[in-house]
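Worksheet: one structure, shown below.
The values are calculated or read from the model by the stated rules, or taken from the named source; none is laboratory data. A quick note: this is a predicted structure, and the numbers were derived from the prediction, not measured. Cβ: placed from backbone, ideal geometry, glycine included. Neighbour counts: every protein chain shown. We work out accessible area using only protein heavy atoms, side chains counted, and drop any ligands, DNA or RNA first. Shrake-Rupley method; radii C 1.70, N 1.55, O 1.52, S 1.80 Å.
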Amino acid sequence: MSTVPSATPVRAMLVLGTRPEAIKLAPVARAMAAGTQFEPVVVTTGQHREMLHQMLGLLCVDARIALDVMRNRQQLSELTARLVGELGEVIRAQRPDLVVVQGDTTTALAGSLAAFYEKIPVAHVEAGLRTGVVDNPFPEELNRRLIGRIARWHFAPTPRAARHLKDEGVPAEQVFTTGNTVIDNLLWVLAEGTGTSAFRTGAKRVLVTLHRRENQGERMRGMGRALRRLARRGDVEIVLPLHRSPAVRDVLLPELDGHEGISLVEPLGYLDFAATLADCDLVLTDSGGIQEEAPSLGKPALVLRTTTERPEAVEAGAARLVGTDPEAIVSAAEELLDDPVAYGRMAGAGNPFGDGRAAERVLAQLAEDFPADVPVTMSASGPYSTA
């Protein structure tokens, strides 16, 4: 049980390991640091160590504790075990009043498990996303379902995500629709105006991101062939920031390196990535977060996956799930590049993921549930509840 004295700020441990987690938890960390009710303790696990260290300072996030859990070509089982063990040690040393995790990474799952074992309540930012296919995306779909059985606070980005949680038996009073914090951070970064676009020509600008495990191998090789066909049009500039995963680079470098119209660049810092996204005409991606960011800037997004846990963008018409077949990818991209009417429909569809005030809503709810001298305990039935 954790009791918060009236004169002591609530100690909130924010656990993050990947660049998307940092991006989406940064608005929460900044908001906590700006006030007096919460003391944010940011812990990085190092899942994306180089990517994190190049951007946390730019996002005005102070990481108090940095772990070093990554090993070359580490198996998921090894990573998960190491994360749970080391995060458990940190939680025992820091004794937070709550642990905040984001999304569906191995870090988020391990942080939730470690907190559960120490009887510390968990707040889950970006809760309730589902594809309905337990191993697609892998392992993220299972991760988010498991976190959903542990968390006390479920901060859902959309009404659909909130319904998923309630349908799974999460008490309605523990589910809160907030919008997505990725929009908060994107608007903040663009307002700062310090990023630099990676595009260099006046051609039609296509931003591509590829990294998902289920797409690696022959599927990704086929996507590379599709990108070569698009580049051969001669009126397209493709920018593809290469993920650091060897499995991604081993496929894409032989397929795309040196081809005219295609720029393979090292991973962009978030400020530069945001500027590049704002500067593009079209997005091709298998990422989750970009499906949320692109509609907020009026950029049509073609999702190179067979499933998506963010169907709101597809239903709104801002994104299209085109799958992984090279012919389908080329056909969908060329329609948008050549048909102004089709392009305009997607570009003007709007953003279903929030208004830039998600972090504000997260903090308001946590502040309401952590008044002075009111303990938060773990209930016998499983999910955390207010005593």
query = Calculated FRET efficiency, ARG92 and ARG221, Cβ-Cβ r, R0 51 Å, to nearest 0.05?
reply = 0.65
query = Based on the Cα atoms of the chain, what semi-axes does the equivalent ellipsoid have, where each is the square root of 5 times one gyration tensor eigenvalue, given in whole Å with the largest first?
reply = 36, 21, 19
ask   = Given 0.36 nm per residue, what is the gain on full extension from LEU146 to ASP325 after removing their alpha carbon distance, in nm?
value = 61.3 nm
The stretch 161-270 - percent of accessible surface contributed by carbon and sulfur, probe 1.4 Å = 47
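Quote the charge dipole size of the stretch 67-133 about the Cα centre in Debye, to the nearest 20; the model charges only the Cβ of Lys and Arg (+1) and of Asp and Glu (-1).
That gives a dipole near 120 debye.
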ask   = Could you give the distance between the Cα centres of the stretch 87-166 and the stretch 347-372, to the whole Å?
value = 17
task = For an R0 of 25 angstrom, estimate the FRET efficiency from the Cβ-Cβ distance between ILE65 and ARG163 and round to the nearest 0.05.
result = 0.10
ask   = Between ARG232 and GLU78, what length comes free when the chain is fully extended (0.36 nm per residue of separation minus the Cα-Cα distance, one decimal in nm)?
value = 51.1 nm
request  = Express the carbon and sulfur contribution to the solvent-accessible surface of the stretch 67-132 as a percent, rounded to the nearest whole number, probe 1.4 angstrom.
outcome  = 47
message = Check which residues have an amide H placed less than 5 Å from ALA66's amide H, if you skip close sequence neighbours.
response = THR44
task = Calculate the dipole size of the chain relative to its Cα centre from +1 charges on Lys and Arg beta carbons and -1 charges on Asp and Glu beta carbons; express the result in debye to the nearest 20.
result = 460
message = Run through the stretch 30-109 and list the trypsin sites (Lys or Arg not before Pro) located in a DSSP loop whose Cβ has at most 14 other Cβ atoms within 10 Å.
response = ARG71, ARG73
ask   = Whole-Hz Karplus ³J(HN,Hα) for the stretch 273-282, in order, using 6.51 cos²θ - 1.76 cosθ + 1.60 and θ = phi - 60°, x for Gly and Pro?
value = 5, 4, 5, 5, 4, 5, 8, 7, 9, 8
message = Sequence gap at least 6, Cα distance under 8 Å: using those rules, report the relative contact order of the stretch 133-265 to the nearest whole percent.
response = 20
task = Subtracting the Cα-Cα distance from 0.36 nm times the residue separation, let me have the gained length for ALA172 to ALA342 in nm, one decimal.
result = 57.2 nm
ask   = Roughly how many percent of the accessible protein surface of the stretch 273-374 is carbon and sulfur, given a 1.4 Å probe and a whole-percent answer?
value = 49
query = By the gyration tensor of its Cα atoms, with a ≥ b ≥ c the square roots of the eigenvalues, what is the shape of the stretch 199-248: rounded for a/c under 1.5, prolate for a/b over b/c, or oblate?
reply = oblate
key: Residue among PRO246, PRO295, PRO311 with the largest mean-square fluctuation in a Gaussian network model of the chain, springs linking Cα atoms under 10 Å   = PRO246
remark   = Counting only protein heavy atoms and rolling a 1.4 Å probe, one gets per residue an accessible area for the chain in Å² of 38
